[in-house]
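Chemist: Take a look at this one; I'll ask things after.
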Amino acid sequence: MQLKLNRPAVSWFESFPMGNGHFGAMVYGDAFQENIELSALTFFSGAAQMTENCPAQGWQAFEALRQATLAGDFARAKRWTNEFMGIRRDFGTNLAVGRLTIQRPYLPAQPIAGSMSDHHERTLEINTGLCTVRAHDPAESTTTIAGHDFFASHIDRALIGRLWPGPDDYIQAVIQLEGECLGRARTRLIEPDETAMGGTALSCAELVIEGQALESLHSGGTCGARIALALRAYGAGGQVDCASDRLIIKRATDCLLVLTLETDFEGSDPLQSARERQDSLLESVASESIEPPGRSLETIWQHLFGRHRADFCPLMDRVKLRLGPHDPEQWIKRPEQNVAELKEINEQLALTAQLFQYGRYLLASSSREDSPIPAPLQGVWNDQVASRIGWSCDMHLDINTQMNHWPAESTNLPECTSPLFRWLQERLIPAGQISAQSCYNRPGWVAELVSNAWGFAAPYWSPVLSPCPTGGAWLINQVWEHYRYQPDLEELSGWILPVLAGAAEFFSAYLFERPGSPWLASGPSISPENEFLVDGESYYASLSCTYEITIIRDVFTSYDQACRILDDHGRMPESERSRWSTIQRQLPLLPPFRILGDGSLAEWEHDFPAKDPQHRHTSHLLALFPYGQITPERTPDLAAAAAVSIRQKLEPEQSWEDTGWARSLLMLYASRLHDGAAAWEHMQAMFRHLTQPNLLVRHPPTRGAPSFADVYELDGNTGLSACIADLLLQSHLDVVELLPSLPPAWREGEVRGLRARGWLQIDLRWQEGRLLEAILHSSIDQMREIRYHQHGQTVRLAAGSARRLVFDALHKT
């Protein structure tokens, strides 16, 4: 549960991430020249726009586009797409906030060989979120000559740090805040509240700085969220002073730093809110029953860190994973090792378990139950690359936002989806209702390829990436999975059914009958983000592509199941019965999957070839994961065809557009095909080529997604965590499958706290590749079918109790 490196970071991909679900920090870890890059979820350029992004004659252009495609005139359809596509205007992007710098002088008593960078140690504790930095005396490695600790507190909405004195027992430091989007800092001295801080020996100064998210690549450059940061430094035994734009620590014996950050995204005054956060944090200290003489900065630090631990550690402690021997610590990557250098199998297994928890840590740091918006492309962080290229740091709805949240249910972090569902209801759907009318002349709601903090739902502003009306509908799967994991009739009738009904209503009207065909048709739309060739010309949009039909089928099926459940419990709204009847009639008329002559799964209704066969997107295979519409158990021929499609994507492998999320998706497909060996090979490829020194997974520049540098995306890490859980436990077919896709290399291990659908939590232990025991914890009384290696049994489970199953060599209990 620790990341360790023995040098300060020289790049973003070496720094350590921290976050509290509202803002983030990347700690570079130099004890003498610390740089902490700051970011905030709601620091977006641009503005809310409900109608300005839709084309003036959108639905008329769509009907013309449909008629041209029906006639097989792709060139004319392409011209009509120019009339249909959306308008970017002030769409915006998430921007980096700025940096906190801490300069501390170092005057060695004697000359040293090499650089002081060689004498650093920095650690990130994944289970607590504590980042520690230490510089050691070159002459005496056990002596710390400078250091600091930081953590990002969710409960106090603050970044809290403590500076450590050197061998002379004093702290000297200069502290600044600056950034491209920030103005000039202001400082003032503050008399600390003696009731809260205790003792007159403390001194305090405050630095505040304000700014606005302005840029002109993704918006007009005139609007964006306003922000304010307030930094207070408390010193003991010395003096905290201030210059015009910096704080100065002079000969202090202890020093506490508290940074608060607020934007006006939710309507509040940022500076006032940031200062109120500071005051409320002190109130929490004052309320603690510590006698003032004992209320030193040490005890205040321990109090604040204790509050943070009580809030954060229970999330991380819900799931424990060990892969390999019982003493995994000896196999953990050493600070000086690169990930690609890990050749021993036990080293790779220890790294895998660490990355599993790291993905959970990143999600919990980016998305908490009170986060104002869901985690964007980069989570709560910003690498200053994604926001400076064409595709921006936003909510990509054609894989990235979804994959960001995939581990939430299975790895026991269900509250991390709350911001996504709240944003969906309060922002995306209202905008999507306008887009449904303006762009398609249809009821219900629709959202396309990308969105932003305000819920942009219009078509993308490029003719090659629109129409794509299934971006928002893809989120329906996350909603329905949330219900399947923890069924709650109040939630189902209260907000889930209306979300499902609005999407079903749109696609019911979107489908149409084609003369001479027994199947309903959809489109035209794209299969993200692939092209096909007709007479040497490339096109994107066509009718009834596999990706779109897969998602429509999921929307209809989820809606139908929701209605059946509510009807069985006498809670079905009468106003829904007519729509339900229509959906039930349309569902079996959706086009079936097709297998091409080469044995692969068809991506389009037509047989025109793909322009780029090794393209990173594999949207037509989503029926494998996450949708479970294609499975080896129920549709073996289609599963085999999907496997052929995957092999074709990787032949030749050097032509494959390898990115973090795309590689995670391949390993998830392998898990659902029960090919644990292939999933493990994909993981090892991710370790070799995509995993960075700080264990973040990169998106390198590719031919289809160019960039001036590597881009960080949260989904590479969260997708990996979701896959590891899926290899060990599956329940998407309502049968609970234990170790369904265990890689042969994972011969020994145990996991505690994974979740199965239906209020069920499971612990597993295996050895020599064979399951030894499973412990089932149910929150309700229920009967469940449990399966291991084709051997199944029905087990009675009682609410609040544990049921232990022991397996013999024949896989029987």
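Chemist: Does Ser466 meet the test of being open to solvent by 10 Å² or more (accessible area, probe 1.4 Å), on the phi < 0 side of the Ramachandran plot, assigned to a loop (DSSP other than H, G, I, E, B) and not basic (Lys, Arg)?
Modeler: Working: open to solvent by 10 Å² or more (accessible area, probe 1.4 Å): no; on the phi < 0 side of the Ramachandran plot: yes; assigned to a loop (DSSP other than H, G, I, E, B): yes; not basic (Lys, Arg): yes.
So Ser466 fails the test.
Chemist: Moving on. Residues in segment 531-551: is at least one assigned to a loop (DSSP other than H, G, I, E, B), open to solvent by less than 20 Å² (accessible area, probe 1.4 Å) and free of Cβ contacts under 8 Å to residues at least 12 places away in the same chain?
Modeler: no
Chemist: Looking at segment 577-593, which of the residues that are free of Cβ contacts under 8 Å to residues at least 24 places away in the same chain and under 35 Å from the mean Cα position of the chain (by Cα) is surrounded by the fewest Cβ atoms within 10 Å (Cβ to Cβ)? Even if it seems obvious, please write down each step before you answer.
Modeler: Step one: list which residues in segment 577-593 are free of Cβ contacts under 8 Å to residues at least 24 places away in the same chain, which gives 577-578, 580-581, 585, 588.
Now restrict to residues that are under 35 Å from the mean Cα position of the chain (by Cα): 580, 588.
Numbers: Trp580: 20, Pro588: 10.
So, considering only residues that are free of Cβ contacts under 8 Å to residues at least 24 places away in the same chain and under 35 Å from the mean Cα position of the chain (by Cα), the one surrounded by the fewest Cβ atoms within 10 Å (Cβ to Cβ) is Pro588.
Chemist: Return a yes/no flag: does segment 694-717 have any residue that is closer than 29 Å to Leu465 by Cβ, open to solvent by 10 Å² or more (accessible area, probe 1.4 Å), within 19 Å of the chain's Cα centre (by Cα) and among the polar types (S, T, N, Q).
Modeler: Among the residues of segment 694-717, not one is closer than 29 Å to Leu465 by Cβ, open to solvent by 10 Å² or more (accessible area, probe 1.4 Å), within 19 Å of the chain's Cα centre (by Cα) and among the polar types (S, T, N, Q), which makes the answer no.
Chemist: A follow-up question, please. Look through Asn412, Asn441, Asn404 and report the one residue that is more than 15 Å from the chain's Cα centre (by Cα) and of a type outside the set (A, V, I, L, M, F, W, C). Give the steps one after another, and end with the answer.
Modeler: On the way: Asn412 fails: more than 15 Å from the chain's Cα centre (by Cα); Asn404 fails: more than 15 Å from the chain's Cα centre (by Cα).
Just a single option satisfies the conditions, and that option is Asn441.
Chemist: If you scan segment 376-398, which residues turn out to be assigned to a loop (DSSP other than H, G, I, E, B) and surrounded by fewer than 24 Cβ atoms within 10 Å (Cβ to Cβ)? Lay out the reasoning, then the answer.
Modeler: Taking segment 376-398 as the starting set, the residues that turn out to be assigned to a loop (DSSP other than H, G, I, E, B) are 376-385, 389-394, 397-398.
Hits for segment 376-398 are Gln384, Val385, Ile389, Gly390, Trp391, Asp398.
Chemist: Continuing with this model, one more query. In segment 562-576, what count of residues is obtained for those that are surrounded by fewer than 16 Cβ atoms within 10 Å (Cβ to Cβ) and touching a residue at least 12 places away in the same chain (Cβ under 8 Å)? Can you show your working first?
Modeler: Of segment 562-576, the ones surrounded by fewer than 16 Cβ atoms within 10 Å (Cβ to Cβ) are 564, 567-571, 573-575.
Remaining after also requiring touching a residue at least 12 places away in the same chain (Cβ under 8 Å): 569, 571, 573.
Looking only at that region, the number is 3.
Chemist: Suppose we filter Ser244, Ser284 for residues that are in a loop (DSSP other than H, G, I, E, B) and either open to solvent by less than 30 Å² (accessible area, probe 1.4 Å) or within 20 Å of Leu177 (Cα to Cα) (or both); which single one remains?
Modeler: Ser244
Chemist: Quick one: in segment 662-686, of everything that is open to solvent by 10 Å² or more (accessible area, probe 1.4 Å) and of a type in the set (A, V, I, L, M, F, W, C), which residue is nearest to Leu3 (Cα to Cα)?
Modeler: Trp680
Chemist: Sticking with this one: Of all residues in segment 249-267, which are among the hydroxyl-bearing types (Ser, Thr, Tyr) and under 11 Å from Thr42 (Cβ atoms)? Steps first, answer last, please.
Modeler: Step one: filter segment 249-267 for residues among the hydroxyl-bearing types (Ser, Thr, Tyr), giving 253, 260, 263.
Scanning segment 249-267 gives a single hit, Thr263.
Chemist: Are there any pairs, at least 6 apart or on different chains, whose C-beta atoms fall under 7 Å, with the first in segment 779-798 and closer than 20 Å to Arg765 by Cα and in contact (Cβ under 8 Å) with a residue 24 or more places away in the chain and the second open to solvent by less than 50 Å² (accessible area, probe 1.4 Å) and hydroxyl-bearing (Ser, Thr, Tyr), and if so, which?
Modeler: Leu797/Ser778
Chemist: What are the pairs with Cβ atoms under 6 angstrom where one residue, in segment 37-64, is under 30 Å from Val380 (Cβ atoms) and among the acidic types (Asp, Glu) and the other, located anywhere, is open to solvent by 10 Å² or more (accessible area, probe 1.4 Å) and modelled with pLDDT of 95 or more? Sequence gap at least six, or different chains.
Modeler: Glu37/Arg99
Chemist: Return yes or no: is Ala642 part of a helix (DSSP H, G or I), in contact (Cβ under 8 Å) with a residue 40 or more places away in the chain and either within 27 Å of Phe74 (Cβ to Cβ) or touching a Gly at 6+ places or on another chain (Cβ under 9 Å) (or both)? Outline the logic, then answer.
Modeler: On the way: part of a helix (DSSP H, G or I): yes; in contact (Cβ under 8 Å) with a residue 40 or more places away in the chain: yes; either within 27 Å of Phe74 (Cβ to Cβ) or touching a Gly at 6+ places or on another chain (Cβ under 9 Å) (or both): yes.
Criteria met by Ala642.
Chemist: Do we find a residue being more than 27 Å from the chain's Cα centre (by Cα) and open to solvent by less than 10 Å² (accessible area, probe 1.4 Å) anywhere in segment 490-504?
Modeler: no
Chemist: For residues that are open to solvent by 10 Å² or more (accessible area, probe 1.4 Å) and on the phi < 0 side of the Ramachandran plot, tally how many sit in segment 722-781.
Modeler: So the count comes out to 28.
Chemist: Then there is this: Give me the strands (runs of 3 or more DSSP E) completely within segment 146-237, filtered to those with at least 1 residues that are open to solvent by less than 10 Å² (accessible area, probe 1.4 Å) and in contact with a Pro (Cβ under 7 Å, 6 or more places away or on another chain), ordered by residue number. Walk me through it before giving the result.
Modeler: Values: elements: 158-164, 171-178, 186-190, 202-212, 226-236.
Once the strands (runs of 3 or more DSSP E) in segment 146-237 are filtered for at least 1 residues that are open to solvent by less than 10 Å² (accessible area, probe 1.4 Å) and in contact with a Pro (Cβ under 7 Å, 6 or more places away or on another chain), what remains is 171-178, 202-212, 226-236.
Chemist: Of the residues His674, His615, His606, which single one is under 22 Å from Trp406 (Cα atoms) and part of a loop (DSSP other than H, G, I, E, B)?
Modeler: His674
The values are calculated or read from the model by the stated rules, or taken from the named source; none is laboratory data. Only a predicted model underlies this, so the values are computations on that prediction, with no experimental measurement involved. Cβ atoms come from the backbone with ideal geometry, glycine included; neighbour counts cover every protein chain shown. Ligands, DNA and RNA are stripped out before the accessible areas are found, and what is left, the full protein with its side chains, is counted by its heavy atoms. Shrake-Rupley method; radii C 1.70, N 1.55, O 1.52, S 1.80 Å.
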